[in-house]
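Q: The structure is given below, and queries will be raised subsequently.
The values are calculated or read from the model by the stated rules, or taken from the named source; none is laboratory data. Because the structure is a prediction, the values reported are computed rather than measured. Cβ placement follows ideal geometry from the backbone for every residue including glycine, while neighbour counts extend to all protein chains displayed.
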Amino acid sequence: MNTREVYEVFCSQNTEMPVFLKPWWLDAVYGNAWTVILYKEGDRVLAAMPYCECKKYGFKTILPPQLTPITGFWIAYPENMTRQNRYSLEIKAMEYFAKRLNEIKPAYFVSKIHHSYSSWLGFLWNNYSQTTRYTYRFTKLNDLDYLFSQLDKSVRKRIRQLEKEEFVIRTDLSSKEFYNVNGMTYKRQGLKCPFSYEQFERIDAEACKRNMSGKFAICDKEGNVHSVAYVIFDDEVCQGIFSGSDSKYRSSNAASLLLWHILKVCSEKGIKEYDFNGSSMKSIETFIRHFGAEQTPYMVIEKKNSMLYSLLKKLKR
């Protein structure tokens, strides 16, 4: 088997892996350009790190693709490992990945690591840097009363008021209309949507094949779309990918009712966790935090190998 085929077997044996590391997602965001580093002990693959080289500003880079909150690696811990052996495996696998990446030597490397990993020593000892960021997660979706009690008082009041109005939740919006409504959030701020319709369409088409796509829109009684939210139903975890609102109706606060509806859908489906997948933008973080989910740190690992690239990156901001 080639490296990708070995990785597909590894993924099939580790069903708890986040969807963003699975081959079909990598195909959707990278096309055929991605590859993977495999860490083995003997003939057994114990960890893997998929990645894709790309060009930016004319430099070779390894960057997270759009619409992909998690990149990085996954480690398959053998059963009944002692704590010491678990830590040892993490360090060996991370050092192996770091040294292989050093051989590739991209001008800039950055990866967003799954929140279940708290150590990055193998990268630290190979001159990588780390930044802590935060996501918010609900992990008790089976208890809607508890969820509702965790919402900020103002959010609870808003949802109760909105439930009395004639809003309708739709899941049949065309992909193009859905994308356009989301883009209005960026347009309001004078920004361009960071991902193209084609990028979104590729991911959604593959997610639809697997019955994992969640396109939700909330409309008023006249049929005007106020807000949209896109999620991926990944086995026991619902992953929040993006959301946006039409600026004309932003004051309706319908996005709160839409998110509450999605949480109820997750509960009905028996999904155990909803991951907002965070944001470092203050306004978005504030909206998410007021829903009362658990703040969860995750790591961003990076390494800069080109001062010129770093300078260009700063100038392009």
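Q: If I filter the stretch 263-289 down to residues being crowded, with 16+ Cβ neighbours inside 10 Å and over 25 Å from Ser118 (Cα atoms), which single residue comes out as modelled with the lowest pLDDT?
A: This residue is Phe287.
Q: Picking from Glu79, Glu16, which residue would you name as being surrounded by fewer than 19 Cβ atoms within 10 Å (Cβ to Cβ) and under 22 Å from Tyr298 (Cβ atoms)?
A: Only one candidate passes the filter, namely Glu16.
Q: Further question on the same structure: Cβ-Cβ distance below 6 Å, separation of 6 or more or different chains: which pairs start in the stretch 166-189 with a residue that is within 12 Å of Ala229 (Cα to Cα) and end on one that is of a type in the set (A, V, I, L, M)?
A: Partner pairs satisfying both residue conditions: Ile169/Ile218; Arg170/Ala217; Leu173/Ala217; Phe178/Val228; Val181/Val225; Val181/Val228; Asn182/Val228.
Q: Only one of Ser243, Ser213, Ser175, Ser196 is crowded, with 20+ Cβ neighbours inside 10 Å, polar (S, T, N, Q) and either closer than 30 Å to Trp24 by Cβ or not assigned by TED's automatic domain parsing to the domain that holds Ser267 (or both); which?
A: Result of the check over Ser243, Ser213, Ser175, Ser196: Ser243.
Q: Let me ask another. Consider the stretch 45-76. How many of its residues are small (Gly, Ala, Ser), surrounded by fewer than 21 Cβ atoms within 10 Å (Cβ to Cβ) and either touching a residue at least 12 places away in the same chain (Cβ under 8 Å) or not assigned by TED's automatic domain parsing to the domain that holds Leu312 (or both)? Break it down into steps so the answer makes sense when it comes.
A: Here is the first cut: in the stretch 45-76, the ones small (Gly, Ala, Ser) are 47-48, 58, 72, 76.
After this cut, where a residue has to be surrounded by fewer than 21 Cβ atoms within 10 Å (Cβ to Cβ) as well, the list is 58, 76.
Next cut, either touching a residue at least 12 places away in the same chain (Cβ under 8 Å) or not assigned by TED's automatic domain parsing to the domain that holds Leu312 (or both) only: 76.
Of the residues in the stretch 45-76, 1 are small (Gly, Ala, Ser), surrounded by fewer than 21 Cβ atoms within 10 Å (Cβ to Cβ) and either touching a residue at least 12 places away in the same chain (Cβ under 8 Å) or not assigned by TED's automatic domain parsing to the domain that holds Leu312 (or both).
Q: All but one of (1) part of a helix (DSSP H, G or I); (2) under 18 Å from the mean Cα position of the chain (by Cα); (3) of a type in the set (A, V, I, L, M, F, W, C) hold for Leu67; state the number of the condition that does not hold.
A: (1)
Q: Find the helices (runs of 4 or more DSSP H) located wholly in the stretch 82-184 whose residues include 3 or more that are at pLDDT 95 or above, and list them.
A: In the stretch 82-184, the matching helices (runs of 4 or more DSSP H) lie at 83-104, 121-124.
Q: Tell me, please, whether a residue that is within 27 Å of Ile271 (Cα to Cα), surrounded by 16 or more Cβ atoms within 10 Å (Cβ to Cβ) and of a type in the set (A, V, I, L, M) can be found in the stretch 142-152.
A: Within the stretch 142-152, one or more residues are within 27 Å of Ile271 (Cα to Cα), surrounded by 16 or more Cβ atoms within 10 Å (Cβ to Cβ) and of a type in the set (A, V, I, L, M).
Q: Next question, about the same structure. Cβ-Cβ under 6 Å, sequence separation 6+ or interchain: first residue in the stretch 134-156 and in contact (Cβ under 8 Å) with a residue 12 or more places away in the chain, partner loosely packed, with under 12 Cβ neighbours inside 10 Å. Which pairs?
A: Within 6 Å, the pairs are Tyr134/Pro297.
Q: Just one of the numbered conditions (1) outside the structural domain of Arg83 (by TED's automatic domain parsing); (2) surrounded by fewer than 15 Cβ atoms within 10 Å (Cβ to Cβ); (3) more than 24 Å from the chain's Cα centre (by Cα) is not true of Trp125; which one?
A: For Trp125, the exception is condition (1).
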